[in-house]
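Here is the structure we will look at.
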Amino acid sequence: MRFYESEAKQLLEKHGIGVPPRVVAKTPSEAEKAASELGGSVVLKAQVLFPGSDKAATTKTADNPAGAKAAAEELLGRKFGGHAARAVLVEKKLASAKVFCVRATYDGIAKKPALIASDLGGTDLDDLADEQPDHVKRRHLSALLPPSTYRSKELAKDLGLTGSALNRMTGVVHRLAGILLDYDLTVVEVNSLAMTEDGKLIALDCHMDMEIEGRARQGKILAELGVDESEARLPREPTEFDLAGAKIDHDDPRGVAGPIVEFGGNIGLVIGAGGGSLTTFDAVKKRGGDPANYAAIGGNPSVKKCQALTKLVLGKEGVEKIAVISNVVSNTRADLLARGVIKGVIELGLEPSEVITIFRAPGAWEADAFKILKKYGVEFCDRSVSISEAAKRAVEKIGR
Amino acid sequence: MSVLVHADFTFIVQGITGREALNFTRECLEYGSKIVGGVTPGKGGRDVYGVPVYDTVREITQSKKVDGSVITVPLAFAPDAAFEAIDAGIKNIVIITEGIPRRDAAQIVEYADLHEVRVIGPNCLGIIVPDVCRFGSLGGPAVDCRKAFKPGCVGVMSRSGGMTTEICNALTASGLGVSTAISVGGDPVIGSTYSDLMPLFEKDEDTKAVVIYSEPGGASEAQLALWAKENNSRLPIVAFVAGRFMDDMPGMSFGHAGTVVERKVDSPADKIKRMRAAGITVAEEIGDIPGLVKERIGA
């Protein structure tokens, strides 16, 4: 779950990391007022979580309050990666002598928290690691013990720092490590950590993301930052279809349905959960199919849940047929899935044999499933037919 | 031979009275696995399909040889259950529990490493050596499990439990069969990655090739590519990368917790490029896997 830069900086400040004087402005006039209060040149940043390729356009500078107002007007009047800005962060523009980059994250290979830093701040740290690995330094931390300051000190030393600069950098890196661990973040990165002429370290930006799995135990800080429980903070806002899918999952605890995500195509998908859904979605696209949705189901869902999900998918505008494809199921009962799907189709007043292009969910209780499918004349296949082949048959029936 | 488990492998189930645990305990027993005890605090003295239930792990390890533990407790208790197993001297742990935050997972793995304990998972289904031992919930009911997993020459590692069964089923149908299959887990921090386990398959004389199933997110495929380059392995590797559509959807998560494209290394395109450059065969379609394995081993 991503944080707005304004929130991330609030958290940095709370933990004693230097950030520029700043104001969050909701309107151009607020931005104008902020610029006059801050004085001098300001940087304006559109607060957008997923700007995509429009990222560079989210930042503007202004030399005076009138310029700030005009810049804010522009930033608030357009979209970035399809998203309007929630506000504009107006910051005092600071002069820096040198810029560093520090990231605290988890390293899935070492299976430990990791600190990564460079003396060449302001550029993509991953590109830098590929292109100029000598300028990227790393240290791992223990997940069991409180973070050791000396690891941050060693990293600062590796960056070529000495004297008070070394000590200041040690402090910032150590605090970032603490923030990563304490708030269940997946990553906290200050890409431009500026060292000012007088030797202070100031975070000019901050990227911060909280692990969904940790969100439940971070209620206190989320409330402090004003993050509402209902905020999904995904790259795209959930559609009515997505929300209806989430409700189906929520209303009946037996089995899992999700994620349910709407797409623009014409093939309705009811597909096995986890890796099976990823594989099936790829297979349908590879055969030239255009999915109308992503709807994974598994963990032994009830008939009712399968039924509701089928109705949602098949009831979507522009969807005439569906494909039911899963990996070989182990704990999900194929017969319950078959019954649920067929019931859903019939409830919509449709003919199962016509609208279900293929049913491929071999495994547990498959014999019973095959019996039901046969009765309704639905085309099905057993485990001798691969997911790729099943996807091909579905796409051929529906048309690209 | 086999990897990690064998015919005499004994294990316990932590959280044995849970709904899912009851099912797979019965399935494992029917499959022939040796489950020597279960643990649920407050339910000591009961039994589950003839398996005695205890309040603590140490009660079992004090009187019996215990090679492994399957942990399937609610996620708030998972780290403590793992620490209990490790402190009781158990050396192989499968963690099925889903949704454990990565900080907790890193703590479990670090503590396990300090005690030379092997962790598979979290968010996995465990290990199967076909017709020999099943350690976890992989493959479902014993009758279905026997259908999908037949003994053979291919080692399998997969980030998806369901796809482990799917791939093993295809290998079985093709006549190649499976030496050992490991569902490694779908989380961003797991106890054993592909490259951690490759040396074990390398030493296993029954294994002639390795198939991996992978997904967007994380650096474990890049690490496997590096391993393949640095180690002149006798084992050809065939990989399948699912979720290629996610390259166009940065920041979205589908399938598993670890499945998200944030950085270049997370993307299927980057994983495929790195693995191919290291001599790993990457299957374009899931159905191509058995044929590609046959090509690589000349069968």
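Taking R0 as 22 Å, what's the FRET efficiency between B:Ala277 and B:Arg234 from their Cβ-Cβ distance, rounded to 0.05?
Working: r = 20 Å, r/R0 = 0.90.
Result of the calculation: an efficiency of 0.65.
Which residue fluctuates the most in chain B, going by a Gaussian network model with Cα springs under 10 Å, if the choices are B:Ser192, B:Ser63, B:Ser179?
Comparing B:Ser192, B:Ser63, B:Ser179 in a Gaussian network model of chain B, the most mobile one is B:Ser63.
Please give the charge dipole size of the range A:98-225, origin at the Cα centre, charges +1 on K and R Cβ atoms and -1 on D and E Cβ atoms. Round to the nearest 20 debye.
Numbers: 16 positive and 20 negative charges, 142 e Å.
Roughly 680 debye for the range A:98-225.
Taking 0.36 nm per residue of sequence separation and subtracting the Cα-Cα distance, how much length would be gained by fully extending the chain between A:Ser384 and A:Asp119, in nm to one decimal?
Stretched out fully, the A:Ser384 to A:Asp119 stretch lengthens by 89.8 nm.
So, R0 is 60 Å and r is the distance between the beta-carbons of A:Ala56 and B:Glu295; what FRET efficiency does that work out to, to 0.05?
0.85
Remind me, relative contact order of chain A in percent, using alpha carbon pairs under 8 angstrom and six or more residues apart?
Values: 850 pairs, mean separation 46.5, N = 400.
Averaging sequence separation for qualifying contacts and normalising by length gives 12 percent for chain A.
Quick one: length gained pulling A:Lys286 to A:Glu354 fully straight, 0.36 nm per residue minus the C-alpha distance?
Taking 0.36 nm per residue and subtracting the Cα distance, the gain is 22.1 nm.
Going by Cα centres, the range A:95-173 and the range B:95-126 are how many Å apart?
Taking the Cα centre of the range B:95-126 as reference, the centre of the range A:95-173 is 26 Å away.
Where both partners of a DSSP beta bridge lie in the protein assembly as shown, what percent of those bridges are antiparallel, to the nearest 5?
Values: 57 of 108 bridges.
Looking only at bridges with both residues in the protein assembly as shown, the antiparallel portion is about 55 percent.
Residue-wise, which Karplus ³J(HN,Hα) couplings in Hz belong to the range A:12-20, taking 6.51 cos²θ - 1.76 cosθ + 1.60, θ = phi - 60°, and x for glycine or proline?
For the range A:12-20, the Karplus-derived couplings read 4, 4, 4, 9, x, 8, x, 9, x Hz, x marking Gly and Pro.
Over all residues in B:169-177, what is the mean tally of Cβ atoms on other chains that come within 10 Å of each residue's Cβ?
For this peptide, the per-residue mean of nearby foreign Cβ atoms is 2.
How large is the dipole of the protein assembly as shown about the Cα centre if only Lys and Arg carry +1 and Asp and Glu carry -1, each at its Cβ, rounded to the nearest 20 debye? Show your work: numbers first, answer last.
Details: 85 positive and 92 negative charges, 98 e Å.
Taking the Cα centre of the protein assembly as shown as origin, the dipole is about 480 debye.
Going through the cross-link list A:Lys371/A:Lys397; A:Lys321/A:Lys371; A:Lys397/B:Lys273; A:Lys111/A:Lys137, which pairs have a Cα-Cα distance over 26 Å in this structure? Kindly include the intermediate steps, with their values, before the conclusion.
On the way: A:Lys371/A:Lys397 23 Å; A:Lys321/A:Lys371 21 Å; A:Lys397/B:Lys273 34 Å; A:Lys111/A:Lys137 18 Å.
Result: A:Lys397/B:Lys273 exceed 26 Å.
What FRET efficiency would be calculated for the residue pair A:Ala129, A:Asn167, taking the C-beta separation as r and a Förster radius of 45 Å, to the nearest 0.05?
Values: r = 26 Å, r/R0 = 0.58.
After rounding to 0.05, the efficiency reads 0.95.
Which far-off residues, 5 or more places away or on another chain, put their amide H under 5 Å from the one on A:Val19, with H placed in the peptide plane?
A:Ala203
Under 17 Å Cα-Cα from A:Lys316, which aspartates and glutamates qualify once same-chain neighbours fewer than 8 residues away are excluded?
Within reach: A:Glu240, A:Asp242, A:Glu262, A:Asp290, A:Glu347, A:Glu351, A:Glu354.
Between A:Glu347 and A:Glu320, with labels modelled 7 Å along Cα→Cβ, what's the label distance in nm to one decimal, could you check?
With each label placed 7 Å out from Cα toward Cβ, I get 2.5 nm.
Normalised by the residues of the range A:231-351, what does the relative contact order come to in percent, with Cα pairs under 8 Å and at least six apart?
28 percent
Net charge around A:Leu49, counting only other residues with Cβ within less than 9 Å of its Cβ (Lys, Arg = +1; Asp, Glu = -1)?
After counting each charged neighbour, the total is +3.
Would you kindly state how much longer the chain becomes between B:Thr17 and B:Ala76 on full extension, computed as 0.36 nm times their sequence separation minus their alpha carbon distance, in nm to one decimal?
19.6 nm
Each value in this text was obtained by applying a stated rule to the coordinates, not by laboratory testing. Bear in mind that the values here come from a model prediction, so they are computed numbers and not experimental data. Backbone-built Cβ (ideal geometry, glycine too); neighbour counts: all protein chains shown.
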